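Let me begin by presenting the structure, written as structure tokens, before commenting on it.
The values are calculated or read from the model by the stated rules, or taken from the named source; none is laboratory data. Not measured: the values here are computed from a predicted model. With ideal geometry, Cβ positions are generated from the backbone for all residues, glycine too; neighbour counts draw on all protein chains shown.
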Amino acid sequence: MRELGVVVAEGLSKQSMDEIAKKIVSTGFNCVRLAWPLFLVTNDTYAYLTVRQSFQGLGLLESISCIQANNPSIIDLPLIKAHQAVVSSLGDNTVMGLTQMATIFNGFPNVVGMSLRNELGGQKQNVNDWYMEKGAEAVHSANPDVLVILSGLSYGTDLSFLRNRPVNLTFTGKVVFEVRWYVVSDGQAWKNGNPNQLYGRVMSNMTRVSWFLLDQGWPLFVSEFRLDQRGTNVNDNRYLGCFLGVEAELDLDWALRTLVGIYYLRGAVLGFDEVYGVLNWNWCDIRIQASCNKYLSSNLLFKVYCCKYNIGTESCFDSYASVSSA
């Protein structure tokens with residue numbers, strides 16, 4: 001099982017599910033992008049594999065004892081049941097996998113959307129293979145209540161091909177497009193270049209690859225941007241100023257990467273510290289409150305402020321769950 005990695009929501013060795021959910025709400029977020037790997041529902045090996053057995057297979061013995069202390073109710077649950085427990089706490093084979101996950105969460109009122117793919121890219125990506133009508137129809141059929149969220153090529157950053165070839169589906173009123181907007185795409189330009197010139201260039205490019213969908217009447221949101229939460233990265237800080245200006249001008253909803261403080265295991269590193277994480281190593285405190293305040297200071301009613309919550313580091317699909325203080 002080691003090669004498949006961790007298939008349990010991060011942070012459960014540090015805090016209870018309830019405390020993590022409360023921290024998300026108190027920080028100012030109202031939605032969670034909960035990533036999940038396809039093999040969680042398509043690989044029969046996982047049908048009866050428990051959280052304890054999964055961590056034993058990875059040699060994460062300390063995490064077992066900590067999960068047992070903080071979340072004793074899930075330690076001996078099958079992995080998919082543990083996933084359901086996390087989703088419930090927050091709300092207090094590709095098509096087959098999408099159908100199964102949509103079916104599992106049919107009737108969960110806080111599960112508001114499902115993203116069909118995560119960050120398609122690489123040399124084999126192509127427009128013809130992108131069109132995912134079967135997956136979208138499968139999710140809609142299995143769960144008519146959830147939004148169907150479609151991402152683009154080039155690791156979720158490019159939807160330009162939709163100008164000439166729109167998606168053709170049997171249902172309407174449920175499709176939402178997502179786009180990723182990464183500072184890394186511009187290198188160190190925000191630190192070294194002229195911010196005004198760069199802003200114009202970035203806006204022109206974003207209009208070309210995604211903003212045009214807004215003019216066509218499609219719902220679109222930024223499903224992932226990230227910021228070095230330590231507050232000392234000049235490039236990231238200047239990029240954030242641009243992002244917040246665009247967010248306000250276009251009235252965009254967004255999802256921040258990531259909630260994670262530290263990972264159970266990332267690469268070969270136990271307890272890998274995530275500098276892009278809102279929470280610190282103990283999953284209890286905000287890493288740097290000033291950084292968090294920058295993007296939540298304009299929190300307005302009815303806008304979606306979402307944070308990404310990982311299940312391991314190789315997740316390829318996302319569900320979106322609303323969170324509340326109730």
Notebook entry, point to check: Give me the pairs: first residue in region 22-39 and over 13 Å from Ala255 (Cα atoms), second residue aliphatic (A, V, I, L, M) and buried (at least 19 other Cβ atoms within 10 Å of the Cβ), beta-carbon distance under 6 Å, and six or more apart or on different chains, which are they?
Noted result: Val25/Val323; Trp36/Ile311
Next item on the list: Filter region 230-242 down to the residues that are surrounded by 15 or more Cβ atoms within 10 Å (Cβ to Cβ) and part of a loop (DSSP other than H, G, I, E, B), then identify the one that is modelled with the highest pLDDT.
Entry: Asn233
Notebook entry, point to check: List, please: which pairs have Cβ atoms under 7 Å, are six or more places apart or on different chains, and start with a residue in region 123-151 that is farther than 16 Å from Leu213 by Cβ and end with one that is in a loop (DSSP other than H, G, I, E, B) and of a type in the set (Ser, Thr, Tyr)?
Noted result: Glu137/Thr170
Margin query: With the requirement that a residue be under 23 Å from Glu224 (Cβ atoms) and assigned to a loop (DSSP other than H, G, I, E, B), what does region 144-185 give you?
Written below: Val146, Ser151, Gly152, Thr157, Leu159, Val167, Lys174, Trp181, Tyr182
Next item on the list: Quick one: in region 214-229, of everything that is outside any loop (DSSP other than H, G, I, E, B) and surrounded by 15 or more Cβ atoms within 10 Å (Cβ to Cβ), which residue is farthest from the chain's Cα centre (by Cα)?
Entry: Leu214
Next item on the list: Taking the residues in region 117-152 that are in contact with a Phe, Trp or Tyr (Cβ under 6 Å, 6 or more places away or on another chain) and of a type in the set (A, V, I, L, M) as candidates, determine which candidate is surrounded by the most Cβ atoms within 10 Å (Cβ to Cβ).
Entry: Leu150
Next item on the list: Could you pull out the residue among Ser151, Ser160 that is at pLDDT 95 or above and among the hydroxyl-bearing types (Ser, Thr, Tyr)?
Entry: Ser160
Checklist line | Residue check for Val95: part of a helix (DSSP H, G or I) and touching a Lys or Arg at 6+ places or on another chain (Cβ under 6 Å) | finding: yes
Margin query: Which residue is nearest to Ile24 (Cα to Cα), if the candidates are limited to region 74-97 and must be hydroxyl-bearing (Ser, Thr, Tyr) and modelled with pLDDT of 90 or more?
Written below: Ser89
Note to self: Filter region 13-30 down to the residues that are within 18 Å of Ile286 (Cβ to Cβ) and either among the aliphatic types (A, V, I, L, M) or part of a strand (DSSP E or B) (or both) and list them by number.
What the structure shows: Ile20, Ala21, Ile24, Val25
Check: Could you give every pair whose Cβ atoms fall below 6 Å, whose first residue belongs to region 164-189 and is under 17 Å from Leu256 (Cα atoms), and whose second residue is surrounded by 15 or more Cβ atoms within 10 Å (Cβ to Cβ) and of a type in the set (Ser, Thr, Tyr), counting only separations of at least 6 or pairs across chains?
Finding: Glu178/Ser151; Glu178/Ser223; Val179/Ser210; Arg180/Thr157; Val183/Tyr239
Check: Of (1) assigned to a helix (DSSP H, G or I); (2) over 18 Å from the mean Cα position of the chain (by Cα); (3) closer than 20 Å to Leu150 by Cβ, Ser54 satisfies all except one. Which?
Finding: (3)
Check: Is at least one residue of region 190-206 part of a loop (DSSP other than H, G, I, E, B) and among the aromatic types (Phe, Trp, Tyr)?
Finding: no
Notebook entry, point to check: Which residues, counting only those in region 32-51, are in a loop (DSSP other than H, G, I, E, B) and small (Gly, Ala, Ser)?
Noted result: Ala47
Next item on the list: Restricting attention to region 122-141, report how many residues are of a type in the set (Lys, Arg) and outside any loop (DSSP other than H, G, I, E, B).
Entry: 1
Margin query: Tell me yes or no: at least one residue of region 99-110 is assigned to a loop (DSSP other than H, G, I, E, B) and within 25 Å of Met203 (Cβ to Cβ).
Written below: no
Next item on the list: Hey, could you check region 28-45 for residues that are more than 14 Å from Met101 (Cα to Cα) and within 24 Å of the chain's Cα centre (by Cα) and say which is surrounded by the fewest Cβ atoms within 10 Å (Cβ to Cβ)?
Entry: Gly28
Item checked: Scope region 217-242; condition of a type in the set (A, V, I, L, M, F, W, C) and within 17 Å of Trp181 (Cα to Cα); matching residues -> Leu220, Phe221, Val222, Phe225, Leu227, Leu240, Cys242
